[in-house]
Amino acid sequence: NLYAQSISLNKLTFFGEGPRTTTGGRSFFGMTEHIFGGNMIRPFYEKLNMGIFGEVNGRSVDIRPSTGQPSPSIETLYTPLTAPGLANQPFFLQLGAGIRMRPSTKNNLLHFNYSAMYQPFIDTSGSGFSFQRMTFDLYQEISLHHTNLYVARDTNGPNDCKVDPSDKKSPCPTSTSRSVQGSLGLRVFTSLSMVPGTNVVPFYFQPTLGGSDINGTPALSSYQDYRFRAPNVLLLQESFDHSIGKLPLGITVRADQGKVALLRGDLGSNPWRHSYAAGLNLRAGGFPMVYLLFAFGGHEGTHTIANVNTSLLGGSTRPSLF
C-alpha cells in the first residue's frame, strides 16, 4: 500500500506526563499531522495465518494553541520540559517491521490475533527526539457458538465485508444478521519506548489511556480522552459480547485495567487504573458493529460512548497517528 494522510484536530487534551497527573492539569492544544509512506505484508505460514509486515513513513507534525476551551491552552500551563516537543516539532522518518498471526482452532471455537512490531522514530533535524518503540498486541477470543466476526483483509476496501472479497461463493449479506453470536475476549497490549542518551519522546507521539486514543481505540473508557499519557503503557481488556436472540442487537460488557510509566522499569510498580463499560451493539449483516456504552468505575466520573467499528473505513491499514 502507498498512502498519504493528513489530519487537523483543534481540541485535544493534555494532562501532563506519567501516572500521577490530575484533572486540574488539563489543557488543550491543536495538532496537524501529515503522513506519507507505504506498508506491505508478506504471508509465509498459512497454517497459522502468519505473515511479516513493514512500513516506511514520513511524519510532519505542527502543534498549536487551542483557545476558548473550558481549560487553558497548553502553553499557559506547560513548558518544553514538562511537555517535550511543545516548542518545536521536527520532521520524522519512521520505520517499522513486525510479525503477526491470526489462527483459529478447536473447530472454530478459539481465535487468536497476535502481533509484535518494532518502530524507530528518527528525528531528521537532530533535536534530541529520536526514539524506538516495541509494541505487542495479543488478542484471544473464545466463541460461544463456533462463530466469530472475521477480521477483514488489509487489502479490503470499504465495500468489502468479508475475509476474502474474491470468494464469489459467499456474497456479502444484504440484510441484518440473524445468527446467534457470542464471544469472550481477552486483550493484552503494551507499548515500550527505548530512548538513547538524553533524548526524549515527544508528547504527541506518546500512547494514551483514557476514553479513546487519537486513533479512536477505546481504553479505560470511563476516563476523559487522553487522560494518561507516557512513553510506556500496559493495558488489559476483557470483553463479553452476545446477540439478543436473533435480533440484530446485542449486549456488550467490558473491563479495562491499565497503567503508564515514564520509564520502562517503573511500569511494573506504577498503579493500575480500572474502568468498566456496558451497553448495546447493533449487528447488521456486512455493516460493522455500532456500540452505545456507558462507562464507569474510574473514580473520575462516567462516560457515554457511541462508537462505530472502524472496518467501515475498509480493512486497509491506516497509519497510526502516534
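Numbers for the structure displayed
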| item | result |
| --- | --- |
| Hits in the range 106-122 - residues which are open to solvent by 60 Å² or more (accessible area, probe 1.4 Å), more than 15 Å from Asp137 (Cα to Cα) and either among the aromatic types (Phe, Trp, Tyr) or in a strand (DSSP E or B) (or both) | Ile122 |
| Residue tally, condition surrounded by fewer than 19 Cβ atoms within 10 Å (Cβ to Cβ) and either among the small types (Gly, Ala, Ser) or part of a strand (DSSP E or B) (or both), over the range 191-221 | 5 |
| The range 27-48 - residue that is surrounded by fewer than 19 Cβ atoms within 10 Å (Cβ to Cβ) and among the charged types (D, E, K, R) and, of those, modelled with the highest pLDDT | Arg42 |
| Hits in the range 48-69 (condition: in contact with a Leu (Cβ under 8 Å, 6 or more places away or on another chain) and not in a strand (DSSP E or B)) | Ser66 |
| Number of the exception - Thr32 against (1) without any contact (Cβ under 8 Å) to a residue 40 or more places away in the chain; (2) touching a Leu at 6+ places or on another chain (Cβ under 7 Å) | (2) |
| The range 123-138 - residue that is in a loop (DSSP other than H, G, I, E, B) and open to solvent by less than 40 Å² (accessible area, probe 1.4 Å) and, of those, modelled with the lowest pLDDT | Gly128 |
| Any hit, the range 222-235, residues being touching a helix residue (DSSP H, G or I) at 6+ places or on another chain (Cβ under 8 Å), open to solvent by 20 Å² or more (accessible area, probe 1.4 Å) and modelled with pLDDT of 85 or more | yes |
| Any hit, the range 197-214, residues being closer than 21 Å to Gln140 by Cα and β-branched (Val, Ile, Thr) | no |
| Extreme residue, farthest from Glu75 (Cα to Cα), among residues of the range 1-26 that are open to solvent by less than 60 Å² (accessible area, probe 1.4 Å) and among the hydroxyl-bearing types (Ser, Thr, Tyr) | Tyr3 |
| Matching entry among Gly51, Gly68, Gly58 (being at pLDDT below 95 and surrounded by fewer than 17 Cβ atoms within 10 Å (Cβ to Cβ)) | Gly68 |
| Selection count where residues are out of contact with any Gly (no Cβ under 6 Å at 6 or more places or on another chain), in contact (Cβ under 8 Å) with a residue 60 or more places away in the chain and under 24 Å from Thr135 (Cα atoms), scope the range 227-265 | 6 |
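The rows are residues; the columns are (1) more than 18 Å from Glu17 (Cα to Cα); (2) at pLDDT 95 or above.
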{"residue": "Thr252", "(1), (2)": "yes, no"}
{"residue": "Ala261", "(1), (2)": "no, yes"}
{"residue": "Arg264", "(1), (2)": "no, no"}
{"residue": "Asn270", "(1), (2)": "no, no"}
{"residue": "Leu282", "(1), (2)": "yes, no"}
{"residue": "Phe287", "(1), (2)": "yes, no"}
{"residue": "Leu293", "(1), (2)": "yes, no"}
{"residue": "Gly301", "(1), (2)": "yes, no"}
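The values are calculated or read from the model by the stated rules, or taken from the named source; none is laboratory data. Predicted model only: the values in this text are computed from it and were never measured. Because the Cβ atoms are built from the backbone with ideal geometry, glycine has one as well, and the counts that use them run over all protein chains shown. We work out accessible area using only protein heavy atoms, side chains counted, and drop any ligands, DNA or RNA first. Shrake-Rupley method; radii C 1.70, N 1.55, O 1.52, S 1.80 Å.
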